[in-house]
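Single-structure report; data block below.
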Amino acid sequence: MDKREKKSEEDVSKNNLSEHVVVVSDNKQHVCDICQKAFKLESSMLIHRDKIHNEEKKYACDKCDKKFEFRSHLSRHQISAHKSRTEFACDRCEKKFVKKSTLSTHQKLVHKGHENFTCNKCEKKFENKSTLLKHNRIFHEVLKDYLCEKCAKRFGNKHSLLVHIKTVHEGRQNFLCDKCGDKFRKKSHLLFHSQTVHETRKDYASLICEQKFGHKQLLLLHQKTVHEGRKDYVCDKCEQKFGHGGNLHKHIKTVHEGRKDFACDKCEKKFTHKHNLLSHQKIVHESRKDFFCDNCDQKFGRKYILLLHQKTVHKGQKDYVCDKCEKKFGDKSNLNRHQNIVHEGRKDYVCDKCEKKFGQRGVLLIHQKAVHEGRKDYACLYCEKIFGHRGNLLTHIKTVHEGHKDYGCNKCEMKFTHKKNLLTHLKTVHEGLKDYTCDNCEQKLRRKSDLLKHQKTVHEGWKDYACEKCQNKFVQKRNLLSHQKIAHEGRKDYACDKCEKKFGHKPHLLVHQRTVHEGLKDYACDKCVQKFGRKSDLLRHQRTVHKDH
C-alpha cells in the first residue's frame, strides 16, 4: 500500500471517530423543523427530513401559516401552540394533559382500583359494579319480590322484610339508650343517636357554609337541595317540588290522602308520623322540656325551637325579609305564612260550625275549642281567671300581674304590651291613617275591629250583651262589665293626682287632665272663635248656638 492510500484510510478513520464522539454525546443539537424530532447529528436530521418529509406539505395551520406533511402533526401543533396544554382534564384529580391518550394512560395507572360506579338514574356512586347492579335492581327496576301483607310495602330481600315487620308492625324496639331511656328499632339508630345527641358529634361539614351534620347522608342532601337548589321529586297531583323523596311521600300522605294514622290516647289528637306523636306526648302531656338555652335559661321541648330562639333572640338574626313590607323573620316558614295571610289575604281554614275563616290551622283549633266547645283549660294562678289559649294567659300575667309594657311610644309616652299594638297606635293616632272604609256609609275607621263593630252596631243593630239590672244593652262584653262596675257598683278607679277627682274610665281621666290642668283645647268652632277640650262639647255648642247656620 502506498503512502497516499494509507493517508486516505487514516482520514476516513478520523472522520468516523469524530462522528462517533458526536453520537455518544448526550447533546441533541439538531431538531427537525417539521416534526420537532431531535438528532445528535445534523446529517441524520437531514436524512430524516429527506426521507420522511420529502413529499409536499399539504396541511397548513390557519393561525400561523406553518405547514405540515401529516394531519396529526398539524393537530398536535395546534393543540400545543394555540390552545395551551390543558385540553384534557382528569375528572378525578383535575390534572390536565395535552393528549387524550396520555390522560387515559394516567387514569389507568394512577386511578386504577379506585373506579366509581355511578347510577345513571340517581347519580349515587358505588365502589364496585355488583353493588351498583343490586342498587338498580332494588330501587330502579322495582324487582322487590318480598311483599308485606300488612301494608303492601315491597322489599328487595327477606331480611329487610322481617326487620320491617318486627319494627313497624310489631313495634319492637330492642335497643335502649342508657343515658336518656329512648328506644330504637335498630342498633345503627341507637349508635347514631348516641353520637349526635349525647356526644354532639357532627363530623361532616359543608365546605360552602360550614354547617355541620352528624351523618354524611344529611350533608349530601343539604348540599344538593340548599347549595345546588335541586328539587328532583315532583308531586304528580299539584306539581310541588321537593329535595328529598321522604318529604314528597309525607306531602302526598298528609295533603292529598289526609292520612293521620297515629292518635294520642290522652287527647285524641292525630299525627301523620309516630315520632310526632311521641314528641307531642313527651312535651304536652309529660311537660318535658329537655333543651335549655344557656343564655337565658329558657326551656324548650324541641331542639330546633331552641336553635331558632338563640338565633333570633340572642344573636338578632332574622335572615328572611318580606319584599312587600320589609318585616323580618328568623324562619322561612314564618315568612311564607306571613305573606300568605297578610299580603295575599289567604284564610284556608274554615270553621264548620260558624264558617269563620282563619289563616292558620292552629288558630282554627283554638277557636273551636274555646268558642264552640267552651273549653278554657288555662287558669291564672293569681286571680283564677281562665283562658282558652295559653298565649292569652301568659299575656294576661305579663300585663295585669307583672305590669310589663315593654313597647313605649316615643311621641306620647303611651306604653304597650305587644309591638304590633304600638305600630297600630303610631299608624292610627299619630299618622292619622284610616284604612278601613264602611261600604254602607263610607265612614273611615282606623282598625278592622272598629269597622266590624261599626257595621254590627250601626247598620245591623246588634247589641248582644244586656245588663240584668237595668236592661241596658252593649255591643261588647267588656263594655257591659265596665258599665256594671261603674254604674251599679259605683267604682271609680282612676283618680287625678292634681285635684283628686275620680273617674270610672281612664280615657275620661286623661281628657280631664289635658283640658282642665293642661288647658288644651284642640277642637275649634269654624263659625266662631270659641275652642273646646272635647269634641262632644264642640258638637253640643254648634247644635245649640249655631243651629240656624
Restricting the search to the range 388-405, which residues are free of Cβ contacts under 8 Å to residues at least 12 places away in the same chain and either on the phi > 0 side of the Ramachandran plot or touching a Lys or Arg at 6+ places or on another chain (Cβ under 8 Å) (or both)?
GLY403
Take the residues of the range 450-500 that are in contact with a His (Cβ under 8 Å, 6 or more places away or on another chain) and charged (D, E, K, R): which is farthest from LEU510 (Cα to Cα)?
LYS469
Conditions (1) of a type in the set (D, E, K, R); (2) modelled with pLDDT under 70; (3) within 22 Å of GLN29 (Cα to Cα); (4) surrounded by 14 or more Cβ atoms within 10 Å (Cβ to Cβ): number failed by LYS57
(3)
For the range 525-532, state whether one or more residues are within 50 Å of the chain's Cα centre (by Cα), open to solvent by 50 Å² or more (accessible area, probe 1.4 Å) and of a type in the set (A, V, I, L, M).
no
Hits in the range 195-243 - residues which are on the phi < 0 side of the Ramachandran plot, open to solvent by less than 60 Å² (accessible area, probe 1.4 Å) and free of Cβ contacts under 8 Å to residues at least 12 places away in the same chain:
PHE213, PHE242
Just to verify a result, which residue in the range 268-302, among those that are farther than 23 Å from GLY171 by Cβ and hydrophobic (A, V, I, L, M, F, W, C), is modelled with the lowest pLDDT?
CYS296
Do we have any residue at all in the range 429-442 that's modelled with pLDDT of 80 or more, open to solvent by 80 Å² or more (accessible area, probe 1.4 Å), touching a strand residue (DSSP E or B) at 6+ places or on another chain (Cβ under 9 Å) and among the hydrophobic types (A, V, I, L, M, F, W, C)?
no
Of the residues in the range 397-408, those that are of a type outside the set (Ser, Thr, Tyr) and surrounded by 15 or more Cβ atoms within 10 Å (Cβ to Cβ) come to ILE397, LYS398, LYS405
Out of the residues in the range 416-473 that are in a loop (DSSP other than H, G, I, E, B) and polar (S, T, N, Q), state the one that is nearest to GLU402 (Cα to Cα).
THR417
Can you spot a residue in the range 485-495 that is within 30 Å of ASN440 (Cα to Cα) and exposed (fewer than 11 other Cβ atoms within 10 Å of the Cβ)?
no
Which of the residues spanning the range 178-207 are more than 18 Å from LEU221 (Cβ to Cβ) and in contact with a strand residue (DSSP E or B) (Cβ under 6 Å, 6 or more places away or on another chain)?
LYS183, PHE184, LYS187, LEU190
Go through the residues of the range 157-166 one by one and say whether even a single one is in contact with a strand residue (DSSP E or B) (Cβ under 8 Å, 6 or more places away or on another chain), modelled with pLDDT under 75 and surrounded by fewer than 12 Cβ atoms within 10 Å (Cβ to Cβ).
no
Answer yes if at least one residue in the range 248-259 is outside any helix (DSSP H, G or I), under 30 Å from CYS122 (Cα atoms) and open to solvent by 60 Å² or more (accessible area, probe 1.4 Å), and no otherwise.
yes
Read through the list (1) open to solvent by less than 70 Å² (accessible area, probe 1.4 Å); (2) within 30 Å of ARG288 (Cβ to Cβ), then give the number of the only condition that ASN136 fails.
(2)
Mind telling me which of the residues LEU394, LEU445 ends up being more than 18 Å from LYS506 (Cβ to Cβ), surrounded by 12 or more Cβ atoms within 10 Å (Cβ to Cβ) and within 35 Å of the chain's Cα centre (by Cα)?
LEU394
Where in the range 272-379 are there helices (runs of 4 or more DSSP H), lying wholly inside it, with at least 1 residues that are open to solvent by less than 80 Å² (accessible area, probe 1.4 Å), among the basic types (Lys, Arg) and within 24 Å of PHE262 (Cα to Cα)?
274-280
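The values are calculated or read from the model by the stated rules, or taken from the named source; none is laboratory data. Values in this document were obtained by computation on a predicted structure and should not be read as measured data. As a convention, Cβ positions derive from the backbone with ideal geometry for all residues, glycine included, and neighbour counts pool all protein chains shown. Heavy atoms of the whole protein, side chains included, go into the accessibility calculation; ligands, DNA and RNA do not. Shrake-Rupley method; radii C 1.70, N 1.55, O 1.52, S 1.80 Å.
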